[in-house]
Amino acid sequence: MPDRITHSRAARSAALITLLVLSALVSAAAPGPQPDAQTLVRATLDNHLPRTRISLESMTLQPPNGSPRTRKLLIIQRNDAQASRTLLRFLEPARLRGTTLLTINQVDRQGTDQWIHLPELGDVRRIPASGRGNRFAGSDFLFEDLSLEDVTEQSLQFIDVRTINDIEVARIEAVPACDAMSSYARRVLWIELPRRVLLRIDFFRHNRREPIKRYETLQMQEVDGRQLITEAQMIDLESDHRTLLSTEAMDTDRSLPDSLFMPRALTDPRLDQWIPTRPRP
């Protein structure tokens, strides 16, 4: 069975319990050797990323007051020593169907390449670095949030280790490179040490002491020794608007051709043939 991080599915319709609530239970860990920040972050990413992953996802936009809106997405990922590649296509609702985003992070050079296809415009457009701070399809995720930055592009610094519910959790500060066009001054990653899993990311704006946004892992599933994230949310801490991503079906370690991750693939209607049919256990 999947390993729940914070709450049961029945309780999810109410306000989701955040890890911040646990801060009242947090105590400083006993002094000990500090983990190397870059090694820890790399190990955590490796733990979450299979060679390939194809998933059918639901995206629920939940305003603080009002009815939720749900979308369906196909997400195709391939990760190797050269690059991480992610193709994301909206399947529902009808007004978004066919909207497709391609994100590529090359290991051998800095920066992220992103292209988007909007069916109403009919073409494929490259997203400039200046546009990566825009919200993606009205969600709480920015285009920047959808790219997997290589850790060598950030300055990583160990902050501390805390004990939460008898589990050691390391906090790592990630600061973008000086020449990076980022919407954030820094991020703070919360990583559970025993399993090397990402629990939370706090996002800080320039000249702000408190985070403006928070990512939380809500549910994971172990597949071939890796902890794959199957439910997560992004919270706008200023408005309390939330975006929940939940995996409905998933395939891993399938062979994916290079042609899937070319800009021209974004307009290909045959992408729908990759929709997984195997429900998540």
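The values are calculated or read from the model by the stated rules, or taken from the named source; none is laboratory data. Note that this is a predicted model, so its numbers are computed, not measured. Cβ atoms come from the backbone with ideal geometry, glycine included; neighbour counts cover every protein chain shown. For accessibility, only protein heavy atoms count, side chains too; no ligands or nucleic acids. Shrake-Rupley method; radii C 1.70, N 1.55, O 1.52, S 1.80 Å.
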- Query: Within the stretch 212-220, is there a residue that is assigned to a loop (DSSP other than H, G, I, E, B) and among the acidic types (Asp, Glu)?
  - Reply: no
- Task: Answer yes or no: is there a residue in the stretch 82-91 that is more than 22 Å from ALA232 (Cβ to Cβ) and not in a loop (DSSP other than H, G, I, E, B).
- Result: yes
- Task: Taking GLU57 as the residue in question, decide whether it is open to solvent by 60 Å² or more (accessible area, probe 1.4 Å), acidic (Asp, Glu), modelled with pLDDT of 90 or more and farther than 30 Å from ASP166 by Cβ.
- Result: no
- All but one of (1) in contact with a strand residue (DSSP E or B) (Cβ under 8 Å, 6 or more places away or on another chain); (2) among the small types (Gly, Ala, Ser); (3) surrounded by fewer than 16 Cβ atoms within 10 Å (Cβ to Cβ) hold for SER246; which doesn't? (3)
- Task: Being in contact with a strand residue (DSSP E or B) (Cβ under 8 Å, 6 or more places away or on another chain) and open to solvent by less than 70 Å² (accessible area, probe 1.4 Å) is the filter; apply it to the stretch 268-281 and report the residue that is nearest to GLU231 (Cα to Cα).
- Result: ARG280
- Task: Sort through GLU222, GLU231, GLU216 and tell me the only one that's open to solvent by less than 10 Å² (accessible area, probe 1.4 Å) and closer than 28 Å to VAL107 by Cβ.
- Result: GLU216
- Message: Looking only at residues that are open to solvent by 50 Å² or more (accessible area, probe 1.4 Å) and not in a loop (DSSP other than H, G, I, E, B) in the stretch 142-177, which one is modelled with the lowest pLDDT?
- Response: THR152
